[in-house]
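One structure below.
The values are calculated or read from the model by the stated rules, or taken from the named source; none is laboratory data. None of these values were measured; they are calculated from a predicted model. Ideal geometry is used to build each Cβ from the backbone, glycine not excepted, and the neighbour counts take in all protein chains shown. Areas reflect the complete protein model, heavy atoms only, side chains present, ligands, DNA and RNA absent. Shrake-Rupley method; radii C 1.70, N 1.55, O 1.52, S 1.80 Å.
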Amino acid sequence: MFWEKEVETLPLKELRRLQLSRLKKSLLQAAKSPAYSKIFKAQRISPATVKTLADLEYLPFTTKEDLRKNFPYGYVTVRKEKIVRVHSSSGTTGRATAVFHTLGDLEQWTNLVARCMYMAGVRKSDVFQNMMGYGLFTGGLGFHYGAERLGALTIPAGSGNSKRQIALMRDFETTVVHIIPSYALHLWKVFEEMGLDPKRDTKLRMAFIGAEPHSEATRQRIEEMYGIEAFNSYGLSEMNGPGVAFECLEKSGMHVWEDQFIIEVIDPKTLKVLPDGEEGELVFTTLMREGMPLIRYRSKDLATLFPGPCRCRRTHRRISRIKGRSDDMFILKGVNIFPLQIDTTLMNIPEVGTNYQVVLERENFQDKMIVRVEVRPEFFKGELRQLENLRRQITEALKSDLLVTPKVELVEPDTLPKSEGKAVRVIDKREI
Ligand code: COA
Ligand code: AMP
Ligand code: ZN
């Protein structure tokens with residue numbers, strides 16, 4: 001039942017003691033980066049003054065904006081020779097963030113993912129198919145190495161090509177998949193179109209679903225459609241990626257691995273730490289990361305930290321499902337999108353008028369982003385070919401920056417509601 005019984009069931013007092021000693025080391029490590037060294041100096045913070053876990057509250061937060069300002073190497077603490085991997089999540093013009101790992105960091109991450117998978121019941125005899133994007137997304141390589149560490153036969157399927165996914169599942173008798181929940185719904189439809197029933201025609205028994213918000217109803221739907229157990233998996237690139245919090249067999253919240261991260265829940269407005277049981281924004285501090293430790297990183301994800309022990313005997317506290325965001329980022333097909341990216345891309349195209357509208361829909365089990373764009377009067381001559389070229393150009397530009405393909409619709413000038421100030425209106429009609 002346990003991958004590392006001792007650490008997973010460490011009595012709370014000892015877990016807190018371990019966190020404190022690791023926090024002190026992590027702060028010393030962080031201070032080696034140009035960014036933290038500057039912040040610590042400016043705010044007269046010395047890692048040595050941190051005597052208790054409660055002292056963490058006096059340390060400054062780190063945000064995505066900070067990472068962007070110090071892009072790419074500002075938070076790196078080691079010589080470049082020691083860095084072996086980077087993950088990043090943006091397209092061509094997006095304001096990128098990057099997270100760097102040493103071999104030691106990858107080792108820790110791999111072990112954490114193996115711990116999560118083992119907790120849910122994956123064993124060496126399983127065949128694991130990873131349908132997340134490989135490359136710069138963390139869900140691909142992150143889960144891949146964890147599954148191999150555990151000893152499962154691992155299929156690096158990557159995202160897309162649904163028929164091939166199904167063929168792989170059938171050929172290699174896949175038992176466990178890692179899949180984005182909205183894609184699991186779509187893939188079921190493809191099974192149906194092929195005259196197949198995953199319950200009858202595959203050996204699937206388990207799925208790890210994550211990377212985007214989803215409800216308990218969606219989980220149950222996936223479980224029923226495929227005849228499997230589905231476990232919620234939470235992570236973010238800044239904290240490695242998957243492996244931060246994961247459901248155990250109880251499926252009553254996701255255990256956050258507190259030997260690796262300190263979790264705090266804050267009120268996103270007052271920035272004050274909230275007591276367990278209150279909903280707020282999750283804030284994470286890495287405890288073991290060498291190449292790029294992050295202190296009090298504001299995830300912008302809203303959730304609740306459950307007080308009290310879990311029936312599985314693991315002592316690490318659990319978080320609820322992610323309930324929303326404290327910023328305007330949204331996720332489509334497992335890809336994070338900031339409305340500002342859409343605005344920047346569109347406003348760089350001279351033919352685009354002042355107003356546009358973004359609508360997110362889930363239609364026939366498929367997620368879609370419709371971008372309605374006004375064309376400037378001088379370009380709106382009504383010539384079909386010219387408009388089609390423009391539509392294609394806008395689609396390409398958005399795809400290369402957002403990493404998903406939008407459905408672009410051109411409309412006449414002054415036909416869309418006026419955008420107020422800089423606010424970008426995204427209408428999300430998806431039921432999660
Ligand atoms: N995961 C895997 N495959 C997906 C997917 C998802 N979330 N969403 C769509 N797909 C499939 C589509 O079904 C299609 O295959 P099919 O036509 O054989 O069924 C194929 O990918 C292309 O999808 P499409 O919607 O036309 O392309 P896009 O350009 O909008 O999206 C993806 C590109 C799907 C490749 C991109 O969204 C992606 O890689 N998503 C996964 C992101 C991820 O792994 N996130 C994890 C972060 S840890
Ligand atoms: P990335 O940094 O690209 O891996 O994206 C991380 C973000 O994906 C998180 O901050 C969440 O907003 C979202 N996310 C990841 N896992 C989950 C999950 N299980 N449920 C809801 N949202 C998730
Ligand atoms: Zn548990």
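Quick one: in segment 352-373, which of the residues that are charged (D, E, K, R) and at pLDDT below 95 is least open to solvent (accessible area, probe 1.4 Å)?
Here the residue is ASP367.
Pairs under 6 Å by beta carbon, first residue free of Cβ contacts under 8 Å to residues at least 60 places away in the same chain in segment 65-79, partner crowded, with 17+ Cβ neighbours inside 10 Å and in a loop (DSSP other than H, G, I, E, B), six or more apart or different chains?
Listed pairs, sorted by first residue: ARG68/THR97.
Determine which single condition VAL176 fails, assuming it passes every other condition in (1) surrounded by fewer than 20 Cβ atoms within 10 Å (Cβ to Cβ); (2) away from ligand 2 (no atom under 16 Å from the Cβ); (3) without any contact (Cβ under 8 Å) to a residue 60 or more places away in the chain.
Failing condition for VAL176: (1).
Can you name every residue in segment 212-268 that is over 24 Å from LEU196 (Cα atoms), part of a loop (DSSP other than H, G, I, E, B) and not charged (D, E, K, R)?
PRO213, HIS214, SER215, ASN240, CYS248, LEU249, SER252, GLY253, TRP257, GLN260, PRO268
Residue-by-condition table, conditions (1) closer than 30 Å to ARG16 by Cα; (2) touching a helix residue (DSSP H, G or I) at 6+ places or on another chain (Cβ under 6 Å):
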| residue | (1), (2) |
| --- | --- |
| ARG68 | no, no |
| PHE71 | no, no |
| VAL76 | yes, no |
| LYS80 | no, no |
| VAL84 | no, yes |
| SER88 | no, no |
| VAL99 | yes, yes |
| LEU103 | yes, no |
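Run TYR145 past the list (1) surrounded by fewer than 20 Cβ atoms within 10 Å (Cβ to Cβ); (2) in a helix (DSSP H, G or I); (3) away from ligand 2 (no atom under 16 Å from the Cβ) and report the number of the one that doesn't hold.
Only one criterion is unmet by TYR145, namely (3).
For segment 379-407, how many residues are more than 26 Å from the chain's Cα centre (by Cα) and not polar (S, T, N, Q)?
Summing the residues that are more than 26 Å from the chain's Cα centre (by Cα) and not polar (S, T, N, Q) in segment 379-407 gives 13.
Would segment 334-345 turn up any residue that is crowded, with 20+ Cβ neighbours inside 10 Å, touching a helix residue (DSSP H, G or I) at 6+ places or on another chain (Cβ under 6 Å), in contact (Cβ under 8 Å) with a residue 60 or more places away in the chain and outside any strand (DSSP E or B)?
yes
Give the residue, chosen from GLU57, GLU65, GLU6, that is farther than 18 Å from PRO293 by Cα and among the charged types (D, E, K, R).
GLU6
Restricting attention to segment 4-19, does a residue exist that is within 30 Å of GLY133 (Cα to Cα) and not in a strand (DSSP E or B)?
yes
Filter segment 346-372 down to the residues that are of a type in the set (Phe, Trp, Tyr) and in a strand (DSSP E or B) and list them by number.
TYR356 - this is the single residue of segment 346-372 that is of a type in the set (Phe, Trp, Tyr) and in a strand (DSSP E or B).
If you go through segment 302-317, how many residues are open to solvent by less than 20 Å² (accessible area, probe 1.4 Å) and either within 16 Å of ligand 1 (Cβ to nearest atom) or in contact (Cβ under 8 Å) with a residue 40 or more places away in the chain (or both)?
5
Looking at SER182, SER252, SER237, SER215 in this structure, which one is of a type in the set (S, T, N, Q) and over 20 Å from ILE319 (Cβ atoms)?
Exactly one of SER182, SER252, SER237, SER215 is of a type in the set (S, T, N, Q) and over 20 Å from ILE319 (Cβ atoms), namely SER182.
Please tell me if LEU204 is open to solvent by 10 Å² or more (accessible area, probe 1.4 Å), in contact with a helix residue (DSSP H, G or I) (Cβ under 6 Å, 6 or more places away or on another chain), part of a loop (DSSP other than H, G, I, E, B) and more than 16 Å from ligand 2 (Cβ to nearest atom).
The answer is yes for LEU204.
Checking ALA211 against (1) within 20 Å of GLN366 (Cα to Cα); (2) under 13 Å from the mean Cα position of the chain (by Cα); (3) of a type outside the set (Lys, Arg); (4) open to solvent by less than 20 Å² (accessible area, probe 1.4 Å), which single condition isn't satisfied?
Among (1) within 20 Å of GLN366 (Cα to Cα); (2) under 13 Å from the mean Cα position of the chain (by Cα); (3) of a type outside the set (Lys, Arg); (4) open to solvent by less than 20 Å² (accessible area, probe 1.4 Å), ALA211 violates only (4).
Taking the condition open to solvent by 20 Å² or more (accessible area, probe 1.4 Å), within 13 Å of ligand 2 (Cβ to nearest atom) and assigned to a helix (DSSP H, G or I), does LEU136 pass?
So LEU136 fails the test.
In segment 90-144, which residues are on the phi > 0 side of the Ramachandran plot and within 16 Å of ligand 3 (Cβ to nearest atom)?
GLY121
Within segment 374-386, can you find the residues that are open to solvent by less than 50 Å² (accessible area, probe 1.4 Å) and either in contact with a helix residue (DSSP H, G or I) (Cβ under 9 Å, 6 or more places away or on another chain) or closer than 18 Å to LEU403 by Cα (or both)?
Correct list: VAL375 only.
Can you find a residue in segment 271-291 that is outside any strand (DSSP E or B), open to solvent by less than 10 Å² (accessible area, probe 1.4 Å), on the phi < 0 side of the Ramachandran plot and within 16 Å of ligand 3 (Cβ to nearest atom)?
The answer is no, given that none of the residues of segment 271-291 is outside any strand (DSSP E or B), open to solvent by less than 10 Å² (accessible area, probe 1.4 Å), on the phi < 0 side of the Ramachandran plot and within 16 Å of ligand 3 (Cβ to nearest atom).
Out of (1) surrounded by 15 or more Cβ atoms within 10 Å (Cβ to Cβ); (2) charged (D, E, K, R); (3) at pLDDT 95 or above, the odd one out for ARG79 is which?
So the condition that ARG79 fails would be (1).
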